[in-house]
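Notes follow the structure.
The values are calculated or read from the model by the stated rules, or taken from the named source; none is laboratory data. Just so we're clear, the structure is a prediction, and the values are computed from it rather than from any experiment. No Cβ is skipped: glycine too gets one built from the backbone with ideal geometry, and neighbour counts run over all protein chains shown. Heavy atoms of the whole protein, side chains included, go into the accessibility calculation; ligands, DNA and RNA do not. Shrake-Rupley method; radii C 1.70, N 1.55, O 1.52, S 1.80 Å.
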Amino acid sequence: ILLDKDGKRKHTRPTFSGQQIFALEKTFEQTKYLAGPERARLAYSLGMTESQVKVWFQNRRTKWRKKHAAEMATAKKKQDSETERLKGASENEEEDDDYNKPLDPNSD
């Protein structure tokens with residue numbers, strides 16, 4: 001148990017084993033949220049507290065959302081640039097069409 005400068009107990013960050021993380025990730029792939037009994041079973045089977053499992057899932061969902069948001073932003077940028085490229089190509093085609101039209105003999 002570590003103590004801070006005032007002599008109070010300081011909480012240390014738990015380190016999970018590779019096996020625990022693997023099981024947590026595998027469970028997270030199947031479901032993003034755990035109900036109480038599922039959380040209790042998983043915590044017991046991994047030798048963790050329910051609070052540790054709960055917080056791990058909260059943190060993992062946050063990481064998942066950020067990654068998903070970044071992927072969506074990248075896809076939108078790609079789509080926007082493709083739309084601009086196609087828009088530019090169609091404008092060039094319109095200009096080419098005007099350029100290639102035969103001249104009107106009645107115009108000055």
Matching residues, region 30-41, being under 21 Å from ARG65 (Cβ atoms) and open to solvent by less than 70 Å² (accessible area, probe 1.4 Å): THR31, LYS32, LEU34, ALA35, ARG39
Which listed residue is part of a helix (DSSP H, G or I), on the phi < 0 side of the Ramachandran plot and at pLDDT below 80, from ASN59, ASN92: ASN92
Scan of region 18-31 for residues that are modelled with pLDDT of 95 or more and either outside any helix (DSSP H, G or I) or β-branched (Val, Ile, Thr) (or both), ordered by number: ILE21, THR27
Filter result (within 21 Å of ALA23 (Cβ to Cβ), without any contact (Cβ under 8 Å) to a residue 24 or more places away in the chain and open to solvent by 90 Å² or more (accessible area, probe 1.4 Å)) within region 51-76: LYS54, ASN59, LYS63, LYS67
Of all residues in region 1-29 being among the hydrophobic types (A, V, I, L, M, F, W, C) and exposed (fewer than 10 other Cβ atoms within 10 Å of the Cβ), the one that is nearest to TYR44 (Cα to Cα): ILE1
